[in-house]
Amino acid sequence: MLVFVAFALFAFGLLGVIVRRNVLIMLMCMELMLNGVNLSLVSFAQQTASAAGAVLVFLIFVVATAEIAIAIPIVLLLVRRKHVMDLDAYADLKG
Amino acid sequence: METLLLWLFAGSALIAAALMLVLRHPMRVALALIACMLSLAGVYALLDVHVIAVFQVLIYVGAVMVFMVYAIMLLDVRDGSFTRRFSRLLLPGIAGLALFLAILAHGLWRALPAPSAAASGSLFALKDFSIAFLADYWLHFELVSILLVAAIVAALAVLQIGRRKHG
């Protein structure tokens, strides 16, 4: 039943990315989505008793670290230019 | 007793995740996320996946969230996202999410494998995990190091672009 907890975590993260306005909070909600996926991987690895799930969780850790290492400088650059963290202010960033 | 603790940790992770949606200040959201991650580390430890629990605390809470907290302190910008927490996608987002969850739960309910016997804890002990990791998955390990180098180079490149634009 931990899979359903994982689903709920993923769903909360997805909802946060969609409905919140602050860029940093959206980034943190993405981390929450990754955490939900990790929990589902661990519970599936427990059910099938295979080490592959645990290895995949480790790889997701690294991906999350790399994601934050890229995303924070981008947010720093954006905020330095406009001094707002509201994502609606960057709606002109298309094309 | 262990089952009770497991559900206690899972429940606190869910509560912290729900708090992340409604709290206003980014620092409080970061603290809620840290609480969620620590509860998940407790869940992993109770499931006998100690390696993952340690990495959860070390990498996620120790590295990623500290970096995030630094960014929040660096960018203490008070703007419209403080007074209005939610974007105009609030209602469509909730509706789409309910649909997504219904489809997912429907699929999961049919496809969920029957819970097998209690998983062997020895498979996830540090020694066995490390041997399996470096014997069978060494290629992934090396690819991960390449990914990290690429991320560092990209972060430096992003900062370089910003410096050039600003003079």
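Taken together, the values in this text are just the output of simple stated rules run on the coordinates, not laboratory data. The structure presented is a predicted model; accordingly, all values stated were derived computationally and were not measured. FYI the Cβ positions are ideal-geometry reconstructions off the backbone, even for glycines, and counts take in every protein chain you see.
In units of 2.2 N^0.38 Å, what is the alpha-carbon radius of gyration of chain B?
Numbers: Rg = 20.7 Å, N = 167, 2.2 N^0.38 = 15.4 Å.
Normalised Rg, Cα atoms only: 1.34.
Any idea what angle helix A:2-19 forms with the longest principal axis of chain A, computed on alpha-carbon atoms, 0 to 90 degrees, nearest 10?
10 degrees
Take peptide A:31-43, look around each residue's Cβ out to 10 angstrom, count Cβ atoms belonging to other protein chains, and average those counts. Write out the running numbers ahead of the final one.
Working: counts 9, 10, 0, 2, 9, 4, 0, 7, 7, 1, 1, 9, 6.
So the per-residue partner count for this stretch is 5.
Using C-alpha positions alone, give me the convex hull volume of chain A per residue in cubic angstrom.
Details: hull volume 8.9 nm³, N = 95.
In chain A, the Cα convex hull volume per residue is 94 Å³.
Can you tell me the Rg and Dmax of the protein assembly as shown, counting just the alpha carbons, in angstroms?
Expressed in Å, the Cα Rg and Dmax of the protein assembly as shown come to 19.4, 64.
Apply the membrane-span-like helix rule to chain B: whole DSSP H runs, Cα extent along the own long axis of at least 27 Å, mean Kyte-Doolittle hydropathy at least -0.5. List the helices found. Display every interim value, and only then the final one.
Details: long enough: B:2-22 (31 Å, 2.03); B:26-46 (30 Å, 1.84); B:90-111 (31 Å, 1.64); B:138-165 (41 Å, 1.42).
Taking the DSSP H segments of chain B (at least 27 Å long, mean hydropathy at least -0.5), we get B:2-22, B:26-46, B:90-111, B:138-165.
Would you kindly work out the equivalent ellipsoid of segment B:1-77 from its C-alpha gyration tensor and give its semi-axes, the square roots of five times the eigenvalues, largest first in whole Å? Provide the component values of the computation, followed by the final result.
Working: eigenvalues 128, 50, 5 Å².
Output for segment B:1-77: semi-axes of 25, 16, 5 Å.
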